[in-house]
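Visitor: Mind looking over this structure? Questions follow.
The values are calculated or read from the model by the stated rules, or taken from the named source; none is laboratory data. The shown structure was predicted, so the numbers you read here are calculated from the model rather than taken from an experiment. All Cβ positions, glycine included, derive from the backbone under ideal geometry; neighbour counts span all protein chains shown.
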Amino acid sequence: MHDVDAGYGAVRVLHHVSIEVREGETVALLGTNGNGKSTLIKCIMGIVRPEAGEIFLETDGTRVDLTKRPTEEIVGLGIAMVPEGRRLFPKLTVQENLLLGAYRPQARGDIARNLAFCFEAFPVLRARRKQLAGSMSGGEQQMLAVARALMSSPRILLVDEPSVGLAPILVNRVIGKIKELKERHHLTVLMAEQNFNQATKIADRGYIIVHGKIEFEGHSTQELREHELVKKYYLGV
Amino acid sequence: MVAGLLLGGFYAAVSLGVSLIFGLLDIANIAQPAFVILGSYAAYVMNRSFGLDAILTGLLFTPVFYVLGAVVYRLYYESFERRGEESLRGLVFFFGVLFIIEVSLSLKYGVDYRLVEAAYIGKSIDLGGVGIAFRLLVPCLVGLAMTLALHLFLSRTFYGRAVMAVSQDRLALRLMGADPVRIKTIAFGVGIAAASLAGALLITIAPVVPSTDRDYIGRMFAITVLGGMGSIAGTLVAAVILGVAESLMSTFFGPSWSLAVSFGILLVALAVRPAGLLGR
């Protein structure tokens, strides 16, 4: 993502934002509410169109311009998103939600394997697979949202605020699972999170976004931890 | 009672399109009964001109009706839904479609009752003292087969599951890699294709005039809501309940009561179970 400006109508949210996520990395996008984390992720998915700048996906030497593609095609390229607020299909069962996650033609052959993996990673989903998604607790819904995204056999996983609305113990569990999944599937992960301590547990490196600008790029979690913005916003120093 | 059960299978066939388009897509397609009557006339014309069986015609015409449905949906989408004006103007649009079909049929074929001929119409089999007319039995069986087919389409295919999801969260569906407009076009096409067969069943059971759609519009929506919005199994259950209730009422009190029964049952059921019998 290079030099991206984006916003909603007259309100500009992102200003000259450039970030890079390399294959196999877990990158954290840190910032408190209202600083543009979600907008940035929506730009990658084609849900919000940038006014200026470039967003590219490079795989095996080919370069695809994401700003010109509709969301469903971007998903087809192997980028999955766990949206903020989960956005499950509340009146479908857990299993139906998971199977919809495998809609992408490239993922349909892997359904049995992916489903087995999701049930193993989140046993509660197996127990509740006939239950309507809307009737589950927030933590269970978040697990389902992550599992549903994984059903598409993604190469890149974008996670928007996995910790919002969850009890701390569940945040721990969901974040821990994302890490485990990432290692086993060789995923590339970009995670937007305001919960600094949780995000840096699994991130290789990260960016800090303030008022729609990338204020700091930390090449390691150590660098992030020691940065004054983090101290100011998160550690109360 | 038996006639009511058989009628129920047929009512299910007639209501499947509404169940799909109104129940699952949230599109108030009040023109659905007119498409059913259009299916009846297609069966009538093919039967008269080529001696083709009505139900076979209904089956052969499903691709034609599918395309017709897809075109109507695209028109509706481009004119209203895309601009977010679907609620009231969309209703007017489908009201217009209803009248265009009805008036066109009246102009072309007049307002006389039309019927089809087939070897089995008029025959019946005797099951333990109860005579069952093929005229009712065949539409019932075809209706059950259609219900099963639609149920399998929705629960076993990727398109079907996407159809069930599309009105719940359109953006989330795009995040699954599906284009909501394409999904709705497919579903609308399938719903109208069902009208082709349902129309053929209708004209097998009884003669049809262009305004027969008015007898069915209330019934179709009552069955869909009673069964639970978008539930195919619920549609079948509600259709059978209505079929039995109507035939009992018309036996004891006369046929003019039958529509009052539809809405009477609907009101009571909604008071007790607002989501419908099998609604999620």
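Visitor: Taking B:VAL261 as meeting all but one of (1) modelled with pLDDT of 95 or more; (2) more than 14 Å from every other protein chain (Cβ to nearest Cβ), write down the number of the exception.
Guide: (1)
Visitor: Evaluate the following for A:LEU190: is it at pLDDT 90 or above and either under 24 Å from A:ASN33 (Cα atoms) or more than 19 Å from the chain's Cα centre (by Cα) (or both)?
Guide: On the way: at pLDDT 90 or above: yes; either under 24 Å from A:ASN33 (Cα atoms) or more than 19 Å from the chain's Cα centre (by Cα) (or both): yes.
Yes.
Visitor: Of (1) in contact with a helix residue (DSSP H, G or I) (Cβ under 6 Å, 6 or more places away or on another chain); (2) free of Cβ contacts under 8 Å to residues at least 60 places away in the same chain, A:ARG148 satisfies all except one. Which?
Guide: It fails just one condition, (2).
Visitor: From (1) modelled with pLDDT of 95 or more; (2) loosely packed, with under 14 Cβ neighbours inside 10 Å, pick out the condition that doesn't hold for B:VAL97.
Guide: Result: B:VAL97 passes all but (2).
Visitor: State all residues of region B:167-181 that are in contact with an Asp or Glu (Cβ under 9 Å, 6 or more places away or on another chain) and either among the polar types (S, T, N, Q) or more than 7 Å from chain A (Cβ to nearest Cβ) (or both); if no residue qualifies, say none. Give the steps one after another, and end with the answer.
Guide: Step one: of region B:167-181, the residues in contact with an Asp or Glu (Cβ under 9 Å, 6 or more places away or on another chain) are B:167, B:173-181.
Passing the criteria: B:SER167, B:LEU173, B:PRO180, B:VAL181.
Visitor: Moving to a separate point now. Only one of these is in contact with a strand residue (DSSP E or B) (Cβ under 8 Å, 6 or more places away or on another chain), within 16 Å of B:ILE203 (Cβ to Cβ) and surrounded by 13 or more Cβ atoms within 10 Å (Cβ to Cβ): B:ARG114, B:ARG48. Name it. Steps first, please.
Guide: Working: B:ARG48 fails: in contact with a strand residue (DSSP E or B) (Cβ under 8 Å, 6 or more places away or on another chain).
Residue meeting the stated conditions: B:ARG114.
Visitor: I'd like the full set of residues that are of a type in the set (A, V, I, L, M, F, W, C) and surrounded by fewer than 14 Cβ atoms within 10 Å (Cβ to Cβ), limited to region A:6-51. Before you say what the answer is, go through the steps one by one.
Guide: Initial filter on region A:6-51 (of a type in the set (A, V, I, L, M, F, W, C)): A:6, A:10-11, A:13-14, A:17, A:19, A:21, A:27-30, A:40-41, A:43-45, A:47-48.
Correct list: A:ALA10, A:VAL11.
Visitor: Name the single residue that is nearest to B:ASP169 (Cα to Cα) among those in region A:76-86 being under 13 Å from the mean Cα position of the chain (by Cα) and facing another protein chain (nearest Cβ under 7 Å).
Guide: Going through the qualifying residues, I end up with A:PRO83.
Visitor: Another question about this same structure. Tally up the residues in region A:116-135 that are crowded, with 18+ Cβ neighbours inside 10 Å and within 14 Å of chain B (Cβ to nearest Cβ), please.
Guide: 1
Visitor: What's the total number of residues in region B:147-157 that are buried (at least 19 other Cβ atoms within 10 Å of the Cβ) and either touching a Phe, Trp or Tyr at 6+ places or on another chain (Cβ under 8 Å) or away from chain A (no Cβ under 14 Å) (or both)?
Guide: 2
Visitor: Would region A:52-68 turn up any residue that is in a strand (DSSP E or B), free of Cβ contacts under 8 Å to residues at least 60 places away in the same chain and among the small types (Gly, Ala, Ser)?
Guide: Checked region A:52-68: at least one residue is in a strand (DSSP E or B), free of Cβ contacts under 8 Å to residues at least 60 places away in the same chain and among the small types (Gly, Ala, Ser).
Visitor: Can you find even one residue in region A:67-75 that is more than 9 Å from every other protein chain (Cβ to nearest Cβ), closer than 24 Å to B:SER231 by Cβ and out of contact with any strand residue (DSSP E or B) (no Cβ under 9 Å at 6 or more places or on another chain)? Please lay out each step first, then the result.
Guide: First, pick out the residues of region A:67-75 that are more than 9 Å from every other protein chain (Cβ to nearest Cβ): A:67-69.
Then keep just the ones that are closer than 24 Å to B:SER231 by Cβ; that gives none.
No: zero hits.
Visitor: Look through region A:33-51, keep the residues that are part of a loop (DSSP other than H, G, I, E, B) and touching an Asp or Glu at 6+ places or on another chain (Cβ under 7 Å), and return whichever of them is farthest from the other protein chains (Cβ to nearest Cβ). Give the steps one after another, and end with the answer.
Guide: Residues of region A:33-51 part of a loop (DSSP other than H, G, I, E, B): A:33-36, A:45-51.
From what is left, the residues that are touching an Asp or Glu at 6+ places or on another chain (Cβ under 7 Å) are A:50-51.
Numbers: A:PRO50: 18, A:GLU51: 21 Å.
Among residues in region A:33-51 that are part of a loop (DSSP other than H, G, I, E, B) and touching an Asp or Glu at 6+ places or on another chain (Cβ under 7 Å), the one farthest from the other protein chains (Cβ to nearest Cβ) is A:GLU51.
Visitor: For a quick check of your reading of the model, give me the residue pairs whose first member lies in region B:243-262 and is of a type in the set (Val, Ile, Thr), whose second is part of a helix (DSSP H, G or I), with beta-carbon atoms closer than 6 Å and at least 6 apart or on different chains.
Guide: Qualifying pairs under 6 Å: B:VAL244/B:GLY4; B:VAL261/B:ALA245; B:VAL261/B:GLU246; B:VAL261/B:MET249.
Visitor: I'd like to verify a number: residues in region B:21-39 that are of a type in the set (Gly, Ala, Ser), assigned to a loop (DSSP other than H, G, I, E, B) and closer than 17 Å to B:TYR66 by Cα, how many? Even if it seems obvious, please write down each step before you answer.
Guide: Residues of region B:21-39 of a type in the set (Gly, Ala, Ser): B:23, B:28, B:31, B:34, B:39.
Restricting the remaining residues to those that are assigned to a loop (DSSP other than H, G, I, E, B) gives B:28, B:31.
Right, trim to closer than 17 Å to B:TYR66 by Cα and you get B:31.
Of the residues in region B:21-39, 1 are of a type in the set (Gly, Ala, Ser), assigned to a loop (DSSP other than H, G, I, E, B) and closer than 17 Å to B:TYR66 by Cα.
Visitor: Within region A:104-148, considering only helices (runs of 4 or more DSSP H) that don't extend past its boundaries, which have at least 1 residues that are farther than 28 Å from B:PRO180 by Cβ? It would help to see each step written out before you state the result.
Guide: On the way: elements: A:105-108, A:111-121, A:123-127.
Passing ranges, in order: A:111-121, A:123-127.
Visitor: Only one of B:ILE132, B:ILE186 is more than 10 Å from every other protein chain (Cβ to nearest Cβ) and under 17 Å from B:GLY23 (Cβ atoms). Can you tell me which? Spell out the reasoning first.
Guide: On the way: B:ILE132 fails: under 17 Å from B:GLY23 (Cβ atoms).
Within the list B:ILE132, B:ILE186, the selection yields B:ILE186.
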